[in-house]
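Here the structure comes first, spelled out in structure tokens, and everything after it is commentary.
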């Protein structure tokens with residue numbers, strides 16, 4: 001059920017490419033940003049209205065340092081309005097690195113003879129999940145190479161295994177997926193395993209560049225990949241994540257491509273993507289791409305802020321590809337999710353010596369933030385963020401259109417911050433060293449003091465006391 005693009009063309013003629021390169025470049029080239037115009041666009045976003053392609057193009061073309069700073073500050077304010085001061089934490093878990101594609105930027109490419117090909121056995125998978133639970137994780141994203149071995153049934157079986165693992169007080173409550181595009185029947189099989197978000201990254205929305213960097217395998221089919229999450233929606237998976245790999249083509253075009261993809265979902269399915277990811281090219285075994293479009297730290301910071309303003313209600317994911325210093329800076333401009341304690345080596349989480357250098361021959365690319373989960377928790381708390389492992393929206397049915405109903409008006413903050421505090425209390429009780437526990441509860445008290453003294457606050461205090469008494473998995 002994985003690699004059947006020809007079947008799609010017969011059954012689903014309406015799923016056509018919605019990317020027009022000339023259209024996107026037209027918006028960029030015709031944008032004439034003025035101070036008044038950019039400030040009006042920022043004000044519109046702060047009113048939690050999604051921006052148009054034309055308005056987004058105005059922001060990507062605004063290079064005046066004063067306006068760039070206003071864009072960043074607007075993004076920071078918007079994030080606090082919509083999501084509060086919480087940062088959701090997750091971990092990636094690589095299941096297998098077999099792959100039939102020949103992507104110029106990826107260490108998993110089929111032509112890379114240096115990489116060791118591994119697929120975790122069921123016992124190895126359980127060991128990885130136990131190690132992650134013992135660190136305190138509650139949310140995972142499972143990552144698979146693109147290979148017929150990793151079909152819908154295989155993915156569904158691994159998801160069920162992950163959900164079944166218990167180590168002490170630990171459990172995984174949310175399993176997201178990053179895997180090859182499926183046909184509709186395949187997505188239905190995976191949905192039945194109760195997955196969370198299904199991610200498919202387009203990598204680049206520029207079709208000519210896409211052809212240059214995808215040299216073989218099913219991934220060469222631009223349209224099959226572009227319409228992947230349409231098929232997921234048709235199968236009933238209404239929680240999807242999109243992304244672009246920045247550094248393959250002009251970053252301004254990729255930003256507009258992501259917004260165009262968002263427009264498409266809203267027009268066809270009345271719901272936007274739940275998350276947007278924006279990884280930058282990093283070193284990988286046998287990396288072979290042009291360096292003409294690599295994204296500087298300055299432009300990277302700008303594009304994250306622009307994405308935050310363009311899609312106020314969509315989660316933005318920043319991964320450990322980026323060094324800690326960049327992650328700490330960019331989080332304030334709109335990021336709502338990060339990974340922590342990341343190890344992308346196959347089987348790496350259960351190694352006894354986590355401090356040892358990771359083996360690039362078992363990795364898809366190089367990561368640059370190797371801090372442990374608790375080190376990241378500590379840093380977030382120090383900067384007044386509430387680390388969150390919350391999964392309540394998915395289990396209360398606040399996904400798809402229902403998520404939009406809550407998040408677009410900004411009401412999601414009513415749920416996000418209290419639920420973040422509850423999952424933080426769980427972590428402090430079950431996993432945190434004494435110093436982190438002390439700092440964490442001081443932060444919780446500070447946030448409680450900032451809340452209005454009403455029944456909601458009283459309910460939250462009551463639930464926190466229940467967590468201290470041993471209750472788990474409480475949420476609003």
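Before moving on, here are some points about what is shown:
- Distance between modelled label sites at residue 48 and residue 472, nm, 7 Å Cα→Cβ extension: 3.3 nm
- For the chain, calculated [θ]222 nm from helices alone, where every DSSP H run of n ≥ 4 adds -39500 (n - 2.57): -14000 deg cm²/dmol
- Antiparallel bridge percentage (DSSP; both residues within the chain; nearest 5): 10 percent
- In range of the label at residue 268: residues from segment 207-229 whose backbone nitrogen is under 11 Å from the point 7 Å along Cα→Cβ: 224-229
- Segment 436-467 and segment 249-280 have Cα centres separated by 36 Å.
- Peptides ranked, highest mean first, by Cβ atoms within 10 Å: ranges 151-162, 250-261: 250-261, 151-162
- Projected onto its three principal axes, the C-alpha set of segment 413-468 covers 32, 18, 18 Å, listed from the longest axis down.
- Computed label-point distance, nm, for sites residue 384 and residue 461 using a 7 Å Cα→Cβ extension: 2.3 nm
- Its Kirkwood hydrodynamic radius, worked out from the mean inverse distance over all distinct Cα pairs, puts the chain at 22.7 Å.
Just so you know, all these numbers are worked out from the coordinates, no wet-lab data involved. All figures in this text were calculated on a predicted structure; none of them were measured in a lab. Please note: Cβ atoms are built from the backbone with ideal geometry, for glycine as well, and neighbour counts cover all protein chains shown.
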